[in-house]
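Colleague: Here it is, the structure in full.
What follows is calculated from the coordinates using simple rules that are stated; it is not laboratory data. The structure displayed is predicted, hence computed values, not measured ones. Positions of Cβ are backbone-derived with ideal geometry, glycine not excepted, and every protein chain shown enters the neighbour counts.
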Amino acid sequence: MRYKFGLVVFALSLWPLVILSQVKQINLPKDLYAFTFQEDPSGRVWVGLSDGNLSGALGYVLDSTFIQVSGSDELPNGSYHSSIKLTDGSLMFGGNIQDKHRNSLLAWVSTENPDTIRIPYKLINPFINSFALVNRHEIWIGTGSGLVVNNRGQWSHFSVVNGLPDNFITSIYQDFRGIVWVGTELGVAYFQDNEIRRVSSGTRIISSVTQLFGDNRGYVWCGSRFTSEGISVYNGELWDTFSGRHGLVDNSASIFFQAPDGRLWVGSCYNRSRGGVSVFNGKRWDSFTSNDALAKPCVDAIAADAAGRIWLGGSLSSRREKGITIFDNGEWHTLKNSNEMPAERVLTFFLDSKNRFWISSFEGLFIVDPEIYFY
């Protein structure tokens with residue numbers, strides 16, 4: 001067992017729920033799952049649903065009931081699996097949403113009724129994988145057919161023709177220097193001084209990127225869920241790459257999360273039996289697997305609740321290990337699925353402004369009361 005990260009860590013224990021009313025399940029349309037959440041200025045939580053492919057819906061939760069608003073010509077159904085909150089409080093959703101002419105659409109939720117915005121390009125691969133807000137008013141959209149930018153209503157489209165390493169855009173991030181990093185499955189490009197640039201050959205950076213993340217020091221991190229090259233970091237001057245020989249639990253990375261104490265958590269979910277979590281304290285890595293701390297090997301969802309507890313879940317099933325992992329005040333715990341909350345294959349977590357903790361899983365959508373406690 002490797003328990004080195006400076007906290008008192010006890011044996012893995014199980015936590016049953018105390019009060020059943022502290023967990024509410026939200027009934028969703030059959031075979032659809034919550035992939036993304038956003039909260040509007042009035043406090044309504046909007047939920048983007050998808051079947052993981054082409055179908056899905058958009059709606060919000062009111063009094064523990066899902067209210068579907070998509071399903072018309074004005075706002076069609078489709079796969080709603082990505083979203084962003086804009087500076088004016090309005091929300092934008094993407095995924096695979098098309099009108100009857102197969103034009104790619106964005107769903108826009110403002111103070112008025114939800115509406116759609118048509119992307120003025122014919123995208124061969126219409127999937128919208130990621131959003132980023134650049135310079136506070138530019139909306140950058142990572143699609144399966146390149147990068148689309150909306151700058152105060154003016155549209156631009158960038159592809160391999162313009163210098164991107166690949167047209168399948170996985171992640172976008174603007175650092176504090178103003179540099180915009182664009183991740184693709186064939187490498188990273190960056191926008192600086194209105195030019196697309198590539199990282200110099202020979203630089204110590206991984207060649208395939210599905211995740212970009214900026215930490216509180218201004219460092220830029222990147223990793224890939226589907227390859228085993230390690231995790232790369234840019235400190236403002238140089239790129240470097242960590243791997244298993246530095247202490248990583250796995251050389252793949254499915255999610256980055258920085259805890260309130262500053263430690264960087266990196267989840268790995270390479271497959272249903274290979275993965276875990278690596279924790280970086282700024283000097284060294286400590287790794288944890290299902291053999292010593294985690295409920296299951298796969299970790300591709302990490303978030304903190306209002307009490308500061310860190311929740312870890314995995315979307316892939318495991319033959320032997322099941323449940324959600326919770327790290328609380330130096331102790332690891334497993335929350336086994338139960339009749340009250342049968343969540344097992346977790347897609348994502350969300351904490352709303354009322355400190356309610358949302359758990360989206362293939363077994364359903366659940367809201368955990370902020371006052372919940374365990375024994």
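Colleague: Does the chain come out rounded, prolate or oblate, given a ≥ b ≥ c as the square roots of the eigenvalues of its C-alpha gyration tensor, rounded meaning a/c under 1.5 and, failing that, prolate meaning a/b above b/c? Write out the running numbers ahead of the final one.
Modeller: Numbers: a/c = 1.86, a/b = 1.11, b/c = 1.67.
Judged from the Cα gyration tensor, the chain comes out oblate (a/c at least 1.5, b/c at or above a/b).
Colleague: For a quick check of your reading of the filter: which trypsin sites (Lys or Arg not before Pro) in segment 193-222 sit in a DSSP loop and have no more than 16 other Cβ atoms within 10 Å?
Modeller: Here the sparse-neighbourhood loop sites are R204, R217.
Colleague: Now, a different point. What are the lysines whose alpha-carbon lies under 24 Å from the alpha-carbon of K100, with same-chain residues fewer than 8 places away excluded?
Modeller: Partners within reach: K30, K122.
Colleague: What residues have an amide H closer than 5 Å to that of S361, excluding those fewer than 5 places away on the same chain, when H is modeled at 1.01 Å from N in the peptide plane?
Modeller: Close amide H contacts, sequence-distant or interchain: A34, L347, F366.
Colleague: Work out from phi, with θ = phi - 60° and the Karplus expression 6.51 cos²θ - 1.76 cosθ + 1.60, the ³J(HN,Hα) of each residue of segment 175-191, listed in order in whole Hz, and give x for Gly and Pro.
Modeller: Result, rounded to whole Hz: 8, 5, 7, x, 6, 9, 9, 10, x, 9, 6, 10, x, 10, 10, 9, 9.
Colleague: Over the chain, what is the relative contact order in whole percent, taking alpha-carbon pairs under 8 Å and six or more residues apart?
Modeller: 14
Colleague: With a ≥ b ≥ c the root eigenvalues of the C-alpha gyration tensor of segment 35-155, is it rounded (a/c under 1.5), prolate (a/b larger than b/c) or oblate?
Modeller: In terms of gyration-tensor shape, oblate.
Colleague: Excluding residues fewer than 8 places away in the same chain, name every one of the lysines whose C-alpha is closer than 24 Å to that of K354.
Modeller: K24, K85
Colleague: Let a ≥ b ≥ c be the square roots of the eigenvalues of the Cα gyration tensor of segment 218-375; is it rounded (a/c under 1.5), or, if not, prolate (a/b larger than b/c) or oblate?
Modeller: Working: a/c = 1.96, a/b = 1.47, b/c = 1.33.
In terms of gyration-tensor shape, prolate.
Colleague: Compute the separation of the alpha-carbon centres of segment 86-156 and segment 34-62 and state it in Å as a whole number.
Modeller: A separation of 16 Å, based on Cα centres.
Colleague: Of W358, G89, I255, which is farthest along the charge dipole of the chain in the positive direction, counting Lys and Arg as +1 and Asp and Glu as -1 at C-beta?
Modeller: I255
Colleague: Starting from the exponent 0.38 and prefactor 2.2 Å, build the expected Rg for segment 136-244 from its residue count and divide its actual Cα Rg by it.
Modeller: Taking N as the residue count of segment 136-244, the ratio is 1.02.
Colleague: Got a sec to turn the phi values of segment 208-219 into Karplus ³J(HN,Hα) couplings, 6.51 cos²θ - 1.76 cosθ + 1.60 with θ = phi - 60°, whole Hz, x for Gly and Pro?
Modeller: 9, 10, 10, 9, 10, 8, x, 8, 6, 9, x, 6
Colleague: Convert each backbone phi in segment 318-330 into a coupling constant with the Karplus relation 6.51 cos²θ - 1.76 cosθ + 1.60 (shift: θ = phi - 60°), then list the ³J(HN,Hα) values in order as whole Hz, x for Gly and Pro.
Modeller: 10, 5, 9, 9, 9, x, 10, 9, 10, 9, 9, 6, x
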